[in-house]
Amino acid sequence: QTTPTTPTTPTRPQRPPLTPTISSPARKKGVKDFEFGRLLGEGSYSTVVAARDRVTQREYAIKILDKKHIIKEKKVKYVNIEKNTLNKMTHPGIVRLYYTFQDKDSLYFVLDHAKNGELLNFIKKLSSFDLRCTQFYAAQILSAIEYMHNQGVIHRDLKPENLLLDEKMHIKVTDFGTAKILEQNSDGKEDDRANSFVGTAEYVSPELLKEKAACKSSDFWALGCIVYQLIAGRPPFKGPNEYITFQKIVGLEYTFPEGFPAVARDLVEKLLVIDPSKRLGAGGQAGVDRLKNHKFFDDIKWDTLWQQPAPKLL
Ligand SMILES: O=C(O)[C@@H]1CCC(=O)N(CCc2ccc(Cl)cc2)[C@H]1c1ccccc1Cl
């Protein structure tokens, strides 16, 4: 029995092993990749500047945060929340985060540049929207809320300042620094109560004021306040100071002005409900579907909503 010899491969010139051609991952972007332009806005913790990618010429809004200030104000948590929430979301009604980078002093978030700025400016300019425009914008805001809730994100601070308009006059929800990512707890159920953050007085929900806990329904409360404001030209709960405003909210002290359309009044009355579980929209996707089927949205075609031209703001 001869010892088996290992079969010898035919001697032919060995081709070099093929290196798999992986597309080289784009190099990390940095400040030098952009030409910075005009100041778009100043927040308490951020400055937003228009910028253009030097190579692609694409325009962005870059949100710049000063590290020292963030650390001093103990807002590092909010920076991470904004990054983690925006990274999870890709929706036509939500500002997109393209890149983040940092240098010694600052953090940079490269975002969509919504050219027409804040919805609030249009409410101020026009004092109020007609019913058709209100229905279109309420539907776009609801579409964005539905998506973010499906991603387990509660915005918690929806208000006309955080609703931007792009060059097509479509909605772009922004400012997720105070959002809440609902953790999947052990049995896979969403922990549906967020905590310890209060939004902007006029739009904050009663549960946030009373139990310090927001839930998805808190975003529907804010939608009710926004729909009211688009038509009435002012938010439903507005006092001379925050304390009086909060009192009005928990006491549901608001009235409709003369001429407020009945179909809009019916919707607002079903959104501005103290008990979050009884608010129209509450109760998961079934609740959202009930809200989308409210007669206020009868003329809305939901499946092509983001392809439709925005109605002229008169
Ligand atoms: O989460 C990330 O993608 C990175 C991870 C590495 C890193 O150092 N940072 C910055 C962390 C950080 C957050 C707040 C301050 Cl004030 C300083 C640094 C994170 C970061 C970089 C750029 C922009 C935002 C963030 Cl959170």
(request) May I have the convex hull volume per residue, in Å³, for the Cα set of the stretch 257-307? (result) 97
(message) Treating the chain as a set of equal point scatterers at the Cα positions, no solvent, please give the Debye-formula log₁₀ I(q)/I(0) at q = 0.08, 0.13 Å⁻¹.
(response) -0.42, -0.99
(request) Specify the inter-centroid distance of the stretch 196-218 and the stretch 231-265, based on alpha-carbon positions, in whole Å. (result) 16
(request) Return the ratio Rg/(2.2 N^0.38 Å) for the stretch 216-314, where Rg is computed over Cα atoms only. (result) 1.16
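Let me have the relative contact order for the stretch 172-314, percent, based on Cα pairs under 8 Å that are six or more residues apart.
18
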(request) Using only alpha carbon pairs under 8 Å that are at least six residues apart, calculate the relative contact order of the stretch 1-142 and give it in whole percent. (result) 17
(request) Express the Stokes-Einstein translational diffusion coefficient of the stretch 1-144 in µm² s⁻¹, to the nearest whole number, given a Kirkwood radius over alpha-carbon pairs, 25 °C and a viscosity of 0.890 mPa s. (result) 125
(request) Could you tell me what fraction of 2.2 N^0.38 Å the Cα radius of gyration of the stretch 143-185 comes to, as a two-decimal ratio? (result) 1.24
(message) Can you compute the helix-only [θ] at 222 nm over the chain? Use -39500 (n - 2.57) per DSSP H run of at least 4 residues, normalise by all residues, nearest 500 deg cm²/dmol.
(response) -9500 deg cm²/dmol
(message) If you take every residue apart from Val48 with its C-beta less than 9 Å away from the C-beta of Val48, what net charge results, scoring Lys and Arg +1 and Asp and Glu -1?
(response) 0
(request) Heavy atoms only, probe 1.4 Å: what % of the accessible area of the chain goes to carbon and sulfur, would you let me know? (result) 53
(request) Any chance you could give the angle, 0 to 90 degrees and rounded to 10, that helix 131-150 forms with the longest Cα principal axis of the chain? (result) 40
(message) I need the phi-derived Karplus couplings for the stretch 53-62: 6.51 cos²θ - 1.76 cosθ + 1.60, θ = phi - 60°, integer Hz, Gly and Pro marked x.
(response) 5, 4, 8, 8, 6, 6, 9, 9, 10, 9
(request) With a 1.4 Å probe and every protein chain left in place, work out the accessible area per residue of the chain in Å², rounded to a whole number. (result) 54
(message) I'd like the distance separating the alpha-carbon centroids of the stretch 76-137 and the stretch 15-71, in whole Å.
(response) 16
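The values are calculated or read from the model by the stated rules, or taken from the named source; none is laboratory data. These numbers were taken from a predicted model, which means no experiment stands behind them. A quick note on method: Cβ atoms are made from the backbone with ideal geometry, for glycine too, and the neighbour counts reach across all protein chains shown. Remember, those area values only see protein heavy atoms, side chains included, never the ligands or the DNA or RNA. Shrake-Rupley method; radii C 1.70, N 1.55, O 1.52, S 1.80 Å.
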